[in-house]
Each structure stands twice: as structure tokens, then as C-alpha cells.
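Peer 1: Input: one structure, supplied below.
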Amino acid sequence: MNKIARVAGALFLVSTGAYMIGNGLQDSVLHRPDFLANLYPDRTNVISGSLLELINAMAVVGIAMLLYPILKKHNEAFALGYYGSRLMESALLILSAISPLVLIALSKSYISVSAPKGSYFETIGHLVLEAHSVLFQMAMIVLSLGSLLLCSVLYRSRLIPRLLSVIGFIGYAALLASGCLTILGQEIGPVLYAPGAIFEIVFPVWIMVKGFNLRTEEF
């Protein structure tokens with residue numbers, strides 16, 4: 001089982017790294033005021049970012065598949081809830097990753113038309129960009145809800161140190177709050193991402209190095 005846990009830990013790190021790099025590549029283009037005018041010329045960054053986000057989405061599914069049989073031994077309902085939430089998260093991330101690819105085609109058309117027609121493309125572009133953001137925040141909300149179940153199983157089963165599980169609780173609760181507030185239009189920046197980011201780095205490293213404590217009783 002600990003061999004499976006180590007692979008899951010590696011996928012956690014792949015997921016986090018792919019998201020961070022992919023998001024950085026896309027944000028460098030998508031968050032410019034005149035993003036439609038620059039998106040097609042800088043399409044390499046956008047395409048690379050989308051591919052990395054797709055890798056993130058695939059890694060998420062792998063994590064769910066690997067952890068399910070381990071978590072199931074301790075709480076089948078919560079294990080199934082976590083598994084389902086990560087599949088939903090992956091689907092939302094895939095839809096979110098496709099949006100910038102649509103914007104590339106839109107940017108190409110925008111560059112080739114006159115200024116009056118360009119405003120039409122700008123309206124569509126902003127709508128697609130908003131959909132991209134909303135889909136991602138929905139994915140974060142689903143991730144948070146599912147991961148609170150994960151941390152509950154980890155805490156009660158003592159598969160990892162309880163302090164680490166508590167950090168996970170705090171991190172995913174903060175991420176849930178951030179996602180909900182952002183969808184409601186209350187953008188507060190990345191500050192609430194920090195606790196969850198700590199858990200998603202420390203937790204996989206822990207299970208890769210130490211593995212799970214499998215000498216625990218089921219509850």
C-alpha cells in the first residue's frame with residue numbers, strides 16, 4: 001500500500017507543479033488589458049499553459065484512483081465522496097483549460113477585423129475569460145469539499161500525523177471560502193491559498209518519504 005501512496009504523493013507534486021507553471025504562462029497573457037490583441041501572437045504560452053493544466057487534471061484523477069482503496073478501509077462513504085469530488089474537479093479543470101484555446105481563435109479573428117467589429121470580439125472574449133475563471137473556481141470549491149473529507153479520514157485514522165491533517169482542514173476551508181467569495185465577486189487575492197498550498201506540498205512529501213501509518217485500527 002505504501003508503494004501506491006508514494007505514487008499518489010508524486011502525482012500530488014506533478015499536479016501542483018503543472019498547475020503553477022501552466023497558470024503562470026497563461027496569466028502572463030490573459031490578464032493583460034489588451035489580451036485579445038496579444039493572445040494570438042503569444043499563443044505558444046497559452047497552449048503550453050493549457051497542456052500543463054490538462055496534465056494537472058489527469059494527475060487529479062490518478063490521485064483519486066490511488067487513494068480510494070486506502071481510504072476505503074477506514075471510511076468507505078468519505079472515500080467515495082473524495083473520489084467523486086476529484087473526478088468532478090478534473091472535468092471542470094478540463095473545461096477551464098479549453099477556454100484559452102477558444103480565445104486563441106477569437107484573438108486571430110479580432111486582429112484581422114476593423115475597430116468597430118473588434119468591440120464585438122472583445123465582448124465575447126471577456127465572457128469566455130469570465131467562464132474560464134468561474135470554471136476554475138468551481139473546481140477549487142469541489143476540491144475543497146472533497147479534500148475536507150480526505151482530511152477527516154486522515155485525522156481519524158491517524159494515517160499521517162494529526163497536525164498535518166489539521167493543516168489540511170484549515171487550508172481547504174480557506175480555499176473553499178476563497179472560491180465562494182471569488183464567484184460572488186469578492187476578489188481577495190491568493191492569500192487564502194497559502195495554507196492549502198502548504199498541505200499539498202508537505203502531505204505528498206510525507207507519504208513519499210514516510211508512507212502511511214498502516215498500523216491503525218479501522219473505525
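Every read-out reported here was derived from the displayed coordinates using simple, explicitly stated rules and does not represent laboratory data. Bear in mind the structure is a predicted one, so any value in this text is a computation, not a measurement. Here Cβ is always computed from backbone atoms with ideal geometry, including for glycine, and neighbour counts include all displayed protein chains.
Peer 1: I'd like the Karplus ³J(HN,Hα) series for the stretch 61-67: coefficients 6.51, -1.76, 1.60, θ = phi - 60°, whole numbers in Hz, and an x wherever there's a Gly or Pro.
Peer 2: With the stated coefficients, the stretch 61-67 comes to 5, x, 4, 4, 5, 6, 7 Hz.
Peer 1: In addition: Would you please name the chymotrypsin sites (Phe, Trp or Tyr not before Pro) within the stretch 11-91 that are DSSP coil residues with at most 11 other C-beta atoms within 10 Å of their C-beta?
Peer 2: none
Peer 1: Another one. Give, in nm to one decimal, the length gained when the segment between Ala37 and Val209 is fully stretched (0.36 nm per residue of separation minus the Cα-Cα distance).
Peer 2: So the extension gain works out to 57.2 nm.
Peer 1: Can you classify the chain as rounded, prolate or oblate using the Cα gyration tensor, where a ≥ b ≥ c are the square roots of its eigenvalues, rounded means a/c under 1.5, and otherwise it's prolate if a/b beats b/c and oblate if not?
Peer 2: prolate
Peer 1: Here's something else I'd like to know. Treating cross-link reach as a plain straight distance, find the aspartates and glutamates whose alpha-carbon is under 19 Å from the alpha-carbon of Lys210, omitting any fewer than eight places away in the same chain.
Peer 2: Glu200
Peer 1: Want the number for Lys73 to Leu163: 0.36 nm per residue separation, take away the alpha-carbon distance, what's left?
Peer 2: 30.3 nm
Peer 1: Would you give the gap between the C-alpha center of the stretch 8-55 and the C-alpha center of the stretch 73-133, rounded to a whole Å?
Peer 2: Cα centres, the stretch 8-55 to the stretch 73-133: 12 Å.
Peer 1: Report the label-to-label distance for Ser109 and Val128 in nanometres (one decimal), using points 7 Å from each Cα along the Cα→Cβ vector.
Peer 2: Label at Ser109, label at Val128, 0.8 nm between them.
Peer 1: Right, here's the next one. What is the chain's relative contact order, in percent, from Cα pairs under 8 angstrom and six or more apart in sequence?
Peer 2: So the answer I get is 26 percent.
Peer 1: Placing unit charges on C-beta atoms (Lys and Arg positive, Asp and Glu negative, everything else neutral), compute the dipole magnitude of the stretch 2-209 about its Cα centre in debye, rounded to 20.
Peer 2: With only Lys, Arg, Asp and Glu charged at Cβ, the dipole is about 780 debye.
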